[in-house]
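Since the structure comes first, as structure tokens, the remarks are kept for the end.
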Amino acid sequence: MANHISIRHKLTNFNKRIEVSADKSISIRAVLLASQAVGISKISNLLESEDVLNSLKTIKKLGIHYTKQGNIYKIHGFGLNGFNIKKNLVLNAGNSGTLARIILGLLVKSKTQVKLIGDKSLSKRDFYRVIKPLKLFGVNITSKNNNLPIKIIGTDFLRPIKYNENIGSAQVKTCIIFSALNTPGITQINSKSSRNHTELMLKSLGYPIKIIKKSGYEKILIQGLHQFNCFEYEIPGDISSASFFIVLTLLSKNSKMIIEKVNTNRSRIGLITILNKMGAKIDLKNKKKYNGEEISDIHVRSIKNLKSINCPQRLNSSAIDEFLIIFLVAAKAKGISKFRDLGEMNKKESKRLDLAVKFLKLIGVKVDRFENDINIHGNPDLVLSKSYEMKNFLKDHRIFFLCCITALTLGGKWKINDKDSINTSFPEFLKILEEIGAKIN
């Protein structure tokens, strides 16, 4: 079966109410925390993407049993350090950087060696950012060139650490927090602000974790060796998945959309803040608090006159996965949009900043590149009429989504390869587009 799609027609004049797939970050964390709880946790609306399914396969290999009944996954946990780790165990994280980096934090007491591997894309990504703090805990961890595969052997003599996390990586922060769960004493993280789902989930479970917020940074204190009980959790919609439909509506003519029950945690809504600064009118309604998270319905409509932005760097971490689609809006905005210090984009599933520049030039947009900074020269009259093919993007799901939204809003005849990449995070993506009215072959 062909692993590509073609799009030849723009979308206009729609007024839809949709739900997007469940939050990937929370889904993976819920699975792993359930594996450390005492008893049977019940997780509903779990995202059934490749990354999350790999998380389930991982805990199963570690001796944790789970079943599915209807929309609910039941995970049977045996408490902290409750894994049954067999000799010569190999764990495959697939394409998931989140799973690969944070599962290491739960292996810090493993008495036997565990080997962690991933796919070709993940094996090129940097793991020094988690190897360094794990060694400080006293863990024996080895890797060639700080990439996968990684070999880890835990210790019974873990020591709490104080660590400065200056990247703004929630994966690094969570790896350290997970390590601290099995470590006596208090571990302290001075962390650049980033998504905080792990901290909120632990707080909702009554775990002794303390967060002191300072300007742009957080001091996190985790008391180790406190057991927590099983829990129930309903996963909300993913803002990263919603972002593509927000921009689809924004750039289409005479269109409106309501995206229901999306996680609008403040550490994740940089996209909405940035787009509203560019002239969009995106509203969050029907707000509710759930286990510390904020859940909202997102209301968005078409906008004709978008303006450029000098994007504040403080918003980078809260929009790091959404900059690809923000760049498309900048391409249609009036004036020159400026984005700074986005080197972290090149540490994702692909070198996204490099590919973004290549993509924008492909569709005729002028881009100035200065290492990790870019200026995008917007053109409100940008319309595409040529034939385009997007390939060789390392099967990055977000690049695939970007191409689809570009085709449906700006036009042109598109062939977009690696359709299967959507299974990483959003298997229902094309189905929802077709329900809105998109013609996809």
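The values are calculated or read from the model by the stated rules, or taken from the named source; none is laboratory data. Treat the numbers as computed from the prediction; the structure is a model and nothing was measured. Reconstructed Cβ throughout: ideal geometry from the backbone, glycine too, with neighbour counts over all protein chains shown.
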Could you check how many residues of the stretch 1-41 are of a type outside the set (S, T, N, Q), closer than 22 Å to K395 by Cβ and assigned to a loop (DSSP other than H, G, I, E, B)? 4
Do you know which residues across the stretch 334-344 are of a type outside the set (V, I, T) and surrounded by fewer than 22 Cβ atoms within 10 Å (Cβ to Cβ)? K334, G335, K338, R340, D341, L342, G343, E344
Yes or no: the stretch 409-418 includes at least one residue that is in contact with a Cys (Cβ under 9 Å, 6 or more places away or on another chain) and of a type in the set (A, V, I, L, M). yes
Say whether the condition of being within 17 Å of the chain's Cα centre (by Cα), among the charged types (D, E, K, R) and more than 20 Å from R29 (Cα to Cα) is met by at least one residue in the stretch 95-115. no
Some residue of the stretch 172-183 being surrounded by 15 or more Cβ atoms within 10 Å (Cβ to Cβ), touching a Lys or Arg at 6+ places or on another chain (Cβ under 7 Å), at pLDDT 95 or above and in a strand (DSSP E or B): no
Just checking, how many residues over the stretch 411-430 are assigned to a helix (DSSP H, G or I) and either crowded, with 22+ Cβ neighbours inside 10 Å or touching a Phe, Trp or Tyr at 6+ places or on another chain (Cβ under 8 Å) (or both)? 5
Of the residues in the stretch 328-342, how many are outside any strand (DSSP E or B) and touching a strand residue (DSSP E or B) at 6+ places or on another chain (Cβ under 9 Å)? 8
Within the stretch 42-49, can one find any residue that is assigned to a loop (DSSP other than H, G, I, E, B) and in contact with an Asp or Glu (Cβ under 9 Å, 6 or more places away or on another chain)? yes
If you go through K86, K74, the only one that is more than 26 Å from the chain's Cα centre (by Cα) and either part of a strand (DSSP E or B) or surrounded by fewer than 24 Cβ atoms within 10 Å (Cβ to Cβ) (or both) is K86
Can you find, within the stretch 227-249, the residue that is farthest from the chain's Cα centre (by Cα) among those that are aromatic (F, W, Y) and within 28 Å of F14 (Cβ to Cβ)? F245
Looking only at the stretch 11-25, which residues are among the basic types (K, R) and over 15 Å from F429 (Cβ atoms)? R17
Taking the stretch 353-408 only, how many residues are under 30 Å from K24 (Cα atoms), part of a strand (DSSP E or B) and without any contact (Cβ under 8 Å) to a residue 24 or more places away in the chain? 0
